[in-house]
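Okay, structure first, notes after.
What follows is calculated from the coordinates using simple rules that are stated; it is not laboratory data. Since the model is a prediction, treat every value here as computed from it, not as a measurement. Ideal geometry is used to build each Cβ from the backbone, glycine not excepted, and the neighbour counts take in all protein chains shown.
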Amino acid sequence: MAFCVYSLSRHDHKNACLQPTACDRAGLPDMVARVSTVAFEGIEAKPVDVQAQIMPGKVLFNLVGLPDKAVGESRERVRAALVASGLALPAKRITVNLAPADMPKEGSHFDLPIALALMAAIGAIPPDALDGFTVLGELGLDGTISPVAGVLPAAIAANVRGHGLICPYASGPEAAWASREIEIIAPRSLIQLANHFKGTQVLSRPEPAIRGEPVSLPDLKDIKGQESARRVLEIAAAGGHNMLML
C-alpha cells in the first residue's frame, strides 16, 4: 500500500507552504489520520474518534457522524484557520468522520481536533504526535484557539483514559485541576501548536487557576433616595425574581 505525503517548508515564522511529492502527483490515496476528542452528554465526556482522509476525486469537504449546525460550520472555520496559518488543503476529496456515527456531536470544540487531523493527513505535523492526547478547542478565522465549555470534564475523562489534553490557552488553568499528572498542552494558535510538535517552541504546562481578589462592586447602600426602587430591587434579589428595568 502506498501513501501520499506532503512536505512542509516554512518561509518565515508566520507563513508556510505545502509541497506535493511525486506520490501525490501520482494520485495515490492518503492514510486516515485520527485524533481523539469528546462529545458531552450532560457533564459526562464521551470519547469520539475524529478520522480524516484525503482522497483523489471531486473537490469536496464532507463532515459526517451526526454533527449539529455548529460542528457543520467548522469546515469553514478550519479551512480559514489553516490558510491563516500558512497551510492549504489540497484540491481533493476530504472526508472527516466523527465516530461513533450514531452519537450526536454538538459544539464548536470539534474545530481543533478536525484541524489537527487534517494537518496530520497532509503531513504538516507528525502523524504520531497526537497519539495519547484528547483534543478540544474552537478556532478563529485567524488561526487562534478560543476557549470552550467543558474543559474540566474533558480533562478528567482524558486522565481516566490515560491521555494528555490539548486545549485552548485560556482553558489550560481550568484543565490543570483534573490531575497533577496529566500532560496538558495549551497553545494560543495553530502555529504555536505546530511549533511545539516540531520542537521549536516548547509550551509549559499551565498551573491550576486560583481565584483572585474579589472585585469591588457598587452597593445599594450608596444610593441616596429612591426608596421605592431600592425596595423593588431588594425583593427581586431576595426572591430570585426576574426584573425589567426601563
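Brief remarks follow.
- Ordering of 60-70, 127-137 by packing [mean C-beta count within 10 Å, highest first]: 127-137, 60-70
- With a Cα cut-off of under 20 Å and a minimum spacing of 8 residues unless on different chains, the lysine pairs in the chain number 5.
- Long-range HN-HN contacts of Ser146 with modeled amide H, under 5 Å: Glu138, Leu139, Gly140
- Antiparallel DSSP beta bridges within segment 41-167, percent to nearest 5: 55
- Of Gly240, Gln192, Ser171, farthest towards positive along the dipole that unit charges on Lys, Arg, Asp, Glu beta carbons give segment 152-245: Gln192
- Most simply put, the chain has about 70% antiparallel DSSP beta bridges, counting only bridges with both residues inside it.
- The candidate values are [x] -0.55, -0.80; [y] -0.55, -0.90; [z] -0.66, -0.86; the one derived from this structure for log10 I(q)/I(0) by the Debye sum over Cα atoms at q = 0.10, 0.13 Å⁻¹ carries the label [x].
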